[in-house]
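The next block holds one structure in the form of structure tokens; read it before the comments.
The values are calculated or read from the model by the stated rules, or taken from the named source; none is laboratory data. Note that the coordinates shown come from a computational prediction; the quantities given were computed from them, not determined experimentally. Every residue, glycine among them, receives a Cβ derived from its backbone with ideal geometry; neighbour counts consider all protein chains shown. What goes into the accessible areas is simple: the full protein's heavy atoms, side chains included, and nothing from ligands, DNA or RNA. Shrake-Rupley method; radii C 1.70, N 1.55, O 1.52, S 1.80 Å.
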Amino acid sequence: MNRRKLVVAALVGACAIAPLFAMRASGGEAQELVVFAAASLREVFQGMALKFERQHPNCKVRFNFAGSQDLRVQIEQGARVDVFASADWKHMKLLADGGVASEPVVFARNLPVVVVPKSNPAKLRSFADLPKATHLVVGAAEVPIGAYTEAIFAAAGKLYGQAFHAQILARVRSHELNVRQVLTKVALGEGDAGIVYKTDALTMPDKVQMIEIPSQINIVAEYPIAILQVAPHPDLARAFVKLVLSREGQNALAEAGFSQVEKQRTK
């Protein structure tokens, strides 16, 4: 190799290692913040992650969206997680009482609603019409939306009578493992109606119609968030939770259909 080729090769090599050197000089190796979050938080948390990554250039946020009960079990079995955001207190409290999650606070609230396919084949116009459906899709009992649905149906029995309660229970044809599975089945026309969160219904305005549940029997779902005691990146975890609780984070949640929490509540 002649001298000119040696110079060119040296310059190419220098250019190749320069970005790597710059990254190390400006903050070390990239870090991965792992957030386990309820399925209904998918879109709004993904939006917050883009903001967070701009604020922390050497950080990548990796999500696991699923039913809160599945996420809790994975954490209990040793999954390396920084932040957990649940769709109910039950699964968060089990982790907090076990010393796994620290100081959970409510960051959002949500309302269950009835969704029907856009074509609405069962011609449902109100919650009281549910007995007209032949195929209801609900969450499994261990899933937050499933537990809320059971409580709503029980309250409906007191409001409309036990015959109504028996009729809607008889219409249930499937129990899904997270709220997005309920939504998807209804959107695909595999069910006449389902119970999901308002925020989920708003993600598919072209696929489903939303029917409100009477306030006297509905339940307000509270969403707590916490940093795990053995979080691999506690400083980044605190920064992410701070973003969620900030005015900017609360505004993003409100735009997605969640109710804002003016004062965070612990339990």
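Can you check how the C-alpha radius of gyration of segment 119-248 compares to 2.2 N^0.38 Å, as a plain ratio?
This ratio for segment 119-248 stands at 1.25.
Convert each backbone phi in segment 179-185 into a coupling constant with the Karplus relation 6.51 cos²θ - 1.76 cosθ + 1.60 (shift: θ = phi - 60°), then list the ³J(HN,Hα) values in order as whole Hz, x for Gly and Pro.
5, 5, 5, 4, 4, 4, 4
Rounded to the nearest 10 Å², what accessible area does residue 160 have for a 1.4 Å probe in the complete protein model?
Spelled out: residue 160, probe radius 1.4 Å, area about 90 Å².
Kindly write out, for segment 154-159 in residue order, the coupling ³J(HN,Hα) from the Karplus curve 6.51 cos²θ - 1.76 cosθ + 1.60 (θ = phi - 60°), rounded to whole Hz, with x marking Gly and Pro.
Whole-Hz 3J(HN,Hα) from phi for segment 154-159: 5, 5, 5, x, 6, 7.
Cα-based Rg (one decimal) and Dmax (whole number) for segment 22-168, in Å?
Every Cα atom of segment 22-168 included, Rg and Dmax give 20.2, 70 Å.
How large is the helix-only mean residue ellipticity at 222 nm for the chain, computed as the sum of -39500 (n - 2.57) over DSSP H runs with n ≥ 4, divided by its residue count, in deg cm²/dmol to the nearest 500?
Helix contribution divided over all residues of the chain: -13500 deg cm²/dmol.
Which percent, nearest 5, of DSSP beta bridges in the chain are antiparallel?
Of the beta bridges lying entirely in the chain, close to 55 percent run antiparallel.
To the nearest 20 debye, what is the magnitude of the charge dipole of the chain about its Cα centre, counting +1 on the Cβ of each Lys and Arg and -1 on the Cβ of each Asp and Glu?
700 debye
How high is the relative contact order of the chain? Use alpha-carbon pairs under 8 Å, at least six apart in sequence, and give a whole percent.
Details: 484 pairs, mean separation 73.5, N = 267.
RCO, the chain: 28 percent.
For segment 48-128, how big is the tail of P(r) above 16 Å, as a whole percent of Cα pairs?
That fraction is 66 percent.
Summing Lys, Arg as +1 and Asp, Glu as -1, what charge do residues with Cβ under 10 Å from the Cβ of residue 100 carry, residue 100 excluded?
-1
Show me, for segment 80-89, the HN-Hα J-couplings you get by feeding each phi into the Karplus relation (A = 6.51, B = -1.76, C = 1.60, θ = phi - 60°), rounded to Hz, glycine and proline as x.
With the stated coefficients, segment 80-89 comes to 7, 10, 9, 9, 10, 10, 9, 8, 7, 7 Hz.
Which value, in Å² rounded to 10, gives the accessible area of residue 259 with a 1.4 Å probe and all protein chains present?
We get 60 Å² for residue 259.
Quick one: order 248, 212 from most to least accessible surface, probe 1.4 Å.
212, 248
Over the chain, with a Gaussian network built from C-alpha contacts below 10 Å, which listed residue (226, 101, 147) shows the highest mean-square fluctuation?
147
Could you please put 123, 51, 242 in sequence from largest to smallest accessible area, using a 1.4 Å probe?
In descending accessible area the options line up as 242, 123, 51.
Rounded to the nearest angstrom and ordered from largest down, what semi-axes does the equivalent ellipsoid of the chain get from its C-alpha gyration tensor (root of 5λ)? Walk me through the numbers before you get to the answer.
Numbers: eigenvalues 401, 93, 48 Å².
Semi-axis lengths for the chain are 45, 22, 16 Å.
Dipole of segment 156-239, Cα-centred, from +1 at each Lys and Arg C-beta and -1 at each Asp and Glu C-beta, to the nearest 20 debye?
Roughly 180 debye for segment 156-239.
Please work out how much accessible surface residue 173 shows to a 1.4 Å probe, ignoring ligands, DNA and RNA, in Å² rounded to 10.
130 Å²
As an exercise, find the ratio Rg/Rh for segment 183-239 from alpha-carbon atoms, using the Kirkwood inverse-distance average for Rh.
Values: Rg = 17.3 Å, Rh = 14.5 Å.
Here the Rg-to-Rh quotient is 1.19.
Please compare each pair in 132/158; 60/207; 93/132 to a cut-off of 30 Å on the Cα-Cα distance and tell me which ones are over it.
From the list (132/158; 60/207; 93/132), the Cα-Cα distance tops 30 Å for 60/207; 93/132.
When only Cα pairs under 8 Å and 6 or more residues apart are kept, what is the percent relative contact order across segment 179-267? Spell out each step's value before the answer.
Numbers: 48 pairs, mean separation 18.9, N = 89.
After rounding, I find 21 percent.
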